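Colleague: Take this structure first; my questions come after.
The values are calculated or read from the model by the stated rules, or taken from the named source; none is laboratory data. This is a predicted model, so every value here is computed, not measured. Cβ atoms come from the backbone with ideal geometry, glycine included; neighbour counts cover every protein chain shown. Accessible surface is based on the protein model in full, side chains and every heavy atom, while ligands, DNA and RNA are left aside. Shrake-Rupley method; radii C 1.70, N 1.55, O 1.52, S 1.80 Å.
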Amino acid sequence: MAVIGWIGLGNMGGSMSANLAKAGHDVRGFDLNPAALAAAEAGGVKPAGSIAEAVAGADAVFTMLPKGEHAKAVYLGGDGVLAHADTRTLLIDSSTIDIAAAKELHDAAAAAGFRFVDAPVSGGMSGAKAGTLTFMVGGEPDAVADASRFIAPMAANTIPTGGPTTGQAAKICNNLMLLINLASTAEGAVLADRLGLDKKVFWDIASVSSGDSWALRTWYPVPGVVPTAASNNGFAPTFTAELANKDIGLAISAAEDTGTPLEIGRHVQQLYQRLIDAGDAGKDCSMIIKLADGSLDAAK
């Protein structure tokens with residue numbers, strides 16, 4: 001079993017690190033939020049008082065942070081990972097961040113003598129808890145192979161994506177498709193209801209027909225149809241509108257860098273911005289159905 005440092009113990013990182021601890025690894029976690037640190041400790045993670053303490057003697061260090069700016073601060077800061085970890089430690093960033101920040105981390109780690117992979121995940125909070133995430137891992141082949149062994153207790157799928165930053169590229173494109181699918185699913189569900197179709201009958205049809213998608217099967221935004229959907233719980237978050245907006249914003253940024261129009265993605269981003277402007281940033285992203293049925297605007 002390995003010694004693993006973990007930085008970032010939020011909704012995803014807390015559950016992921018706990019799964020490593022359950023697998024028998026010695027996991028030392030750090031987070032600026034005392035409540036997150038206490039929750040991780042209850043899951044078997046040993047709390048660390050600093051980044052330096054978390055990474056000391058680690059075989060691998062995972063980071064799970066909200067944005068590129070946070071990841072850069074954690075790795076590149078004067079009291080950060082590169083300043084305190086041993087160069088034999090494998091560095092694995094599972095944050096979802098912009099391509100430019102990911103490249104900067106790869107370059108800085110290599111210049112300091114470290115091996116580094118970008119390894120964002122798909123599967124949400126439920127997948128993090130269940131240990132069934134999909135990891136998309138970009139980096140040098142030997143580092144990717146070694147990272148896969150550490151990742152195993154948290155994952156149903158670990159997919160090498162190619163060289164540095166390709167993991168982030170895969171995640172950005174995947175979430176773009178997810179959020180567009182979710183928006184179209186919401187519109188189809190609303191129209192089906194208003195045309196008199198039973199909600200479960202329509203879902204049964206769409207889920208085995210050309211309207212099928214992961215969003216439809218897992219996050220269906222109509223309550224009482226799919227057990228895993230946030231719509232059953234007043235849109236309590238499994239993946240917040242704020243995070244959805246951030247991720248689709250990363251896709252728009254990448255599109256601008258590559259000369260890609262991204263017309264549908266830009267429109268869907270505007271819908272998520274409307275949810276945020278209405279005060280629902282912390283609600284589940286499937287609350288986009290409130291725009292599809294007009295009830296969010298009607299409530300103003």
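Colleague: Decide, for segment 212-281, between rounded, prolate and oblate: order the square roots of the alpha carbon gyration tensor eigenvalues as a ≥ b ≥ c, take rounded if a/c falls under 1.5, and otherwise choose prolate if a/b is larger than b/c, else oblate.
Modeller: Prolate shape, in that a/c is at least 1.5 and a/b is the bigger ratio.
Colleague: About its Cα centre, how strong a charge dipole does the chain have in debye, to the nearest 20, once Lys and Arg get +1 and Asp and Glu get -1 at the Cβ?
Modeller: Charge dipole, the chain, about its Cα centre: 560 debye, nearest 20.
Colleague: With the convex hull built on the Cα atoms of segment 152-300, state its orientation-averaged projected area in nm².
Modeller: Here the figure is 10.5 nm², rounded to one decimal.
Colleague: Given N residues in segment 4-86, what is Rg(Cα) / (2.2 N^0.38 Å)?
Modeller: That ratio works out to 0.97.
Colleague: How much length is gained if the chain between T87 and R149 is pulled fully straight, taking 0.36 nm per residue apart and subtracting their Cα-Cα distance, in nm to one decimal?
Modeller: Separation in residues times 0.36 nm, less the Cα-Cα distance, equals 20.5 nm.
Colleague: Sticking with this one: So how far apart, in nm, are the two label points at K103 and A56 if each is 7 Å from Cα heading toward Cβ?
Modeller: 3.7
Colleague: Of K46, K283, K22, which has the largest mean-square fluctuation in a 10 Å C-alpha GNM of the chain?
Modeller: Result for the chain, Cα springs under 10 Å: K22 fluctuates most.
Colleague: Moving on to the next point. Tell me, what is the Rg over Rh of the chain, with Rh the Kirkwood radius over Cα pairs?
Modeller: Reported Rg/Rh (Cα atoms, Kirkwood Rh): 1.00.
Colleague: In square angstrom, what is the accessible area per residue of the chain with a 1.4 angstrom probe?
Modeller: Result: 43 Å² of accessible area for each residue.
Colleague: For K200, go through the lysines and keep the ones whose alpha-carbon is under 23 Å away, minus same-chain ones fewer than eight residues off.
Modeller: K290
Colleague: Another question, if that's okay. Looking at P221, G113, A281, which one has the Cα that reaches farthest to the positive end of the dipole of the chain (charges on Cβ: Lys, Arg +1; Asp, Glu -1)?
Modeller: The one lying farthest along the dipole's positive direction is P221.
Colleague: Under a 1.4 angstrom probe, counting protein chains only, how are F239, F135 ranked by accessible area, largest first?
Modeller: F239, F135
Colleague: S126 to K199: FRET efficiency via 1/(1 + (r/R0)^6), r the Cβ-Cβ distance, R0 30 Å, to the nearest 0.05?
Modeller: About 0.85, to the nearest 0.05.
Colleague: Taking the Cβ of P120 as the centre, find all other residues whose Cβ is under 12 Å away and add up their charges (Lys, Arg: +1; Asp, Glu: -1).
Modeller: -3
Colleague: Return the percentage of antiparallel bridges among DSSP beta bridges fully within the chain, rounded to the nearest 5 %.
Modeller: So the antiparallel bridges in the chain amount to around 15 percent.
Colleague: Ok, one more. What FRET efficiency do you get for V208 and Q273 if R0 is 51 Å and r is their Cβ-Cβ distance, rounded to the nearest 0.05?
Modeller: Calculated value: 0.90.
Colleague: Right, next: When we measure straight from the Cα of K171, which lysines land under 20 angstrom away, once same-chain ones fewer than 8 places off are left out?
Modeller: Answer for K171, where 20 Å is the Cα cut-off: K67, K72, K103, K129, K246, listed by chain and number.
Colleague: Sticking with this one: Based on DSSP H runs of at least 4 residues, each adding -39500 (n - 2.57), what is the mean residue ellipticity at 222 nm of the chain after dividing by all its residues, to the nearest 500 deg cm²/dmol?
Modeller: Calculated from helices alone, the mean residue ellipticity at 222 nm is -15000 deg cm²/dmol.
Colleague: Return the carbon/sulfur percentage of the accessible area of segment 75-161, one whole number, probe 1.4 Å, all protein chains in place.
Modeller: That fraction is 54 percent.
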